[in-house]
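Undergrad: A single structure is presented below for examination.
The values are calculated or read from the model by the stated rules, or taken from the named source; none is laboratory data. This is a predicted model, so every value here is computed, not measured. We place every Cβ from the backbone using ideal geometry, glycine too, and count neighbours over all the protein chains shown. In case anyone asks, the SASA skips ligands and DNA or RNA and just uses the protein heavy atoms, side chains included. Shrake-Rupley method; radii C 1.70, N 1.55, O 1.52, S 1.80 Å.
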Amino acid sequence: MDLLLAAALAVVLLPVSASTVWDSTWPLAGRVAVVAAVGLAHATVAVRRVRPRVAYILVCAVMSVLVALPEMTRRTDGFSFHPILLPSTLLFPVLLYAVAAWCSPRESLLALGVAGVGAGAVTWRLWGADYLTVAQPGLASSEDPVRSWQLFLVLGVVATIAVPWGLGRYRRLRAQYVLALEERARREEEHRAESAAAAAAQERVRIAREMHDVVAHSLSVMVTQAEGGRMMAARDPSAGARVLETVARTGQEAMQDMRSLLDALHDPHAARDDPAPQPSLRVLPELIERVRASGLAVAYAEHGTASPLGSAGELAAYRVVQEALTNVLKHSGTDADATVALRWTPDQLAISVSNRAGQVVATAPRSGRGLVGMAERLALLDGTLHVGPAGEDGFELVATIPTLASTAVEEPQ
């Protein structure tokens, strides 16, 4: 585009300027030098965006040469005028616009200052000239016209500087505004992508925690029942039927819970609209009975008056007890005994699960997710989790979950 603009200006302005200079009474060397300088000024238009500073400096140098030259007289009609009035001087506002549009504010103001100095020099050189007179009927005759050259000179010089510089600054501010909008849109898109990734990660953690709680407990009960049933079947064949019944019931419950999780993965919207029922403290006795049926002696006690925990709190309480009893089965076997105690206060529910070590069960060393998932679940509810040894051969888990009464915020009167 700059090449096309330079070519168009050269076609329109350069022939007139060159022919005017060539028709002057200046010496041949002077005419050649001025035509070459004007041609150089036209060439700067082609690089006005890629090299705006260089182009502006060169065109200012050419304009300075034209201002410094004396008046030129045409040989054809003897008319004299100053070379700063050549048509090619219209290149100056084009380059001033380029600097204002594509350079920094400091460079733009500096270019405006240089243009102001040049405008003063042009006005000083042309002030005494008489290139424009106006004859107004009733006020002045053609023999004594109203001399208006100074007025048009000042207005023309000011417009030649102010208009292109103002348009260039507007062009730059507009471009910066568009870039700011694009950058803002890019940051918002990145933020949306990060939020989506964080939400997906949280959902993966939640699903992994739920699958661990469901599968680990059910498999532990089933494996314990199967091993115990195998040993009991040798002494009492009828005991095998009871064991298989417990294994089947535990597997069916695990399959139902897994189906609910898979449905949530397949259609999250449907899962939110019609959520599957989650276990709560109401079914905690069933969990303890199922663990007892596997051969582990479990003592259960509840103290205090129950307070509302909310669905998330009740699910967390159930999962804490489930995970603790599962760990007892996995690591101590059915020879151990466990105690589950729930202590209610107006502000929180304290869950204590302790066990006396039985026969240590050999398991492959691995990094489990049970305690980690339990701590994450409780942290979301502002609860706490403490685990550690109890006595010489025991282990204890203590978890606290705030009640809804402790987290309620009173509305202003």
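Undergrad: If r is the Cβ-Cβ distance from V154 to E190 and R0 is 56 Å, what FRET efficiency results, to the nearest 0.05?
TA: The pair V154/E190 has a calculated efficiency of 0.55.
Undergrad: Taking the C-alpha atoms of the stretch 17-81, how large are the radius of gyration and the largest Cα-Cα span, Dmax, in Å?
TA: Expressed in Å, the Cα Rg and Dmax of the stretch 17-81 come to 13.4, 43.
Undergrad: Report L155's accessible area, 1.4 Å probe, all protein chains in place, as a number in Å² to the nearest 10.
TA: Approximately 110 Å² for this residue.
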